[in-house]
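Data first, discussion second: the structure below is written as structure tokens.
The values are calculated or read from the model by the stated rules, or taken from the named source; none is laboratory data. Just so we're clear, the structure is a prediction, and the values are computed from it rather than from any experiment. Here the Cβ positions follow ideal geometry from the backbone for every residue, glycine too, while neighbour counts run over all protein chains shown.
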């Protein structure tokens, strides 16, 4: 079945996507064995599928890939090519029926709260609510993460930002202890995400268009493989209010270049300092050495006329630098 040709993908991307549907999740090597092709030749195709939101990357070393269910990921592409993709719609529905065989379809009796049990169900729902968002996605990024490591790279967010969906994210200081998460945050902010940092925040959540939310089953004993999916209700309104309060308390991350005053890099350094991050973590975030961070902070403190780092944060805020 050459499913992806109408939306501009070649045979290799098509076979890789269908192979991942069969395998559920796989490394490039495992997918290559399944398809009978060299793994190295699949990497460019997997990257294109990631950028289009058709595939998710679940880890870093080694990278594990999973197909986003076709009735969720392809709908956005179909809307742009409605006429020529009429035949493709039937194929998408057939694949969706196969994947959802035996499961209950959502209808008018859809519960307000659904329990998602298992990593596959959680990751599919995260992708679905982002793909369905038309205006804004808000999120609090905090551990624990699926797989026990740092957060997964969110290539789907980059795709949705390019489509005009706004993103606001509050990061916990603990989340940014990971170099991978720092790099992911930088990529997203450069693409348009509004990011802020709040030390100690644990209210992990994702809310799309203020109508659908996902949160852990418990905040005291969180299980990365279990989530609550909440549909339009007063509970979603409460979560949005909680997010807005956290957003107001958090320190903005400003990676843009300033027209006057400190450089964009200085603003970013001061923002990370004000959020409570240590020099080592700030250095990883900026891609410089810890010594460089200390030297530049000393220079900025002299420019601000202060003696302590706390005073530097206060003065920088008063001057509108952060």
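Filter segment 164-174 for residues that are assigned to a loop (DSSP other than H, G, I, E, B) and at pLDDT below 90; which is surrounded by the most Cβ atoms within 10 Å (Cβ to Cβ)? First the steps, then the outcome.
At the first step, the residues of segment 164-174 found to be assigned to a loop (DSSP other than H, G, I, E, B) are 164-165, 173-174.
Subsequent filtering for residues that are at pLDDT below 90 retains 173-174.
Numbers: 173: 19, 174: 16.
Residue satisfying both the conditions and the ranking: 173.
Where strands (runs of 3 or more DSSP E) fall wholly inside segment 198-311, the ranges with 2 or more residues that are within 20 Å of residue 166 (Cα to Cα) are 205-208, 212-216, 251-253.
So in segment 276-288, with the set limited to residues that are without any contact (Cβ under 8 Å) to a residue 60 or more places away in the chain and either touching a helix residue (DSSP H, G or I) at 6+ places or on another chain (Cβ under 6 Å) or within 12 Å of residue 178 (Cβ to Cβ) (or both), which one is surrounded by the fewest Cβ atoms within 10 Å (Cβ to Cβ)? Reasoning before the result, please.
As a first pass, look at segment 276-288 and keep what is without any contact (Cβ under 8 Å) to a residue 60 or more places away in the chain: 278-280, 282-283, 286-288.
From what's left, either touching a helix residue (DSSP H, G or I) at 6+ places or on another chain (Cβ under 6 Å) or within 12 Å of residue 178 (Cβ to Cβ) (or both): 279-280, 282-283.
On the way: 279: 17, 280: 12, 282: 25, 283: 19.
So the residue we want is 280.
Look at (1) in a helix (DSSP H, G or I); (2) modelled with pLDDT under 80; (3) farther than 30 Å from residue 223 by Cα and you find that residue 72 fails only one, number (3).
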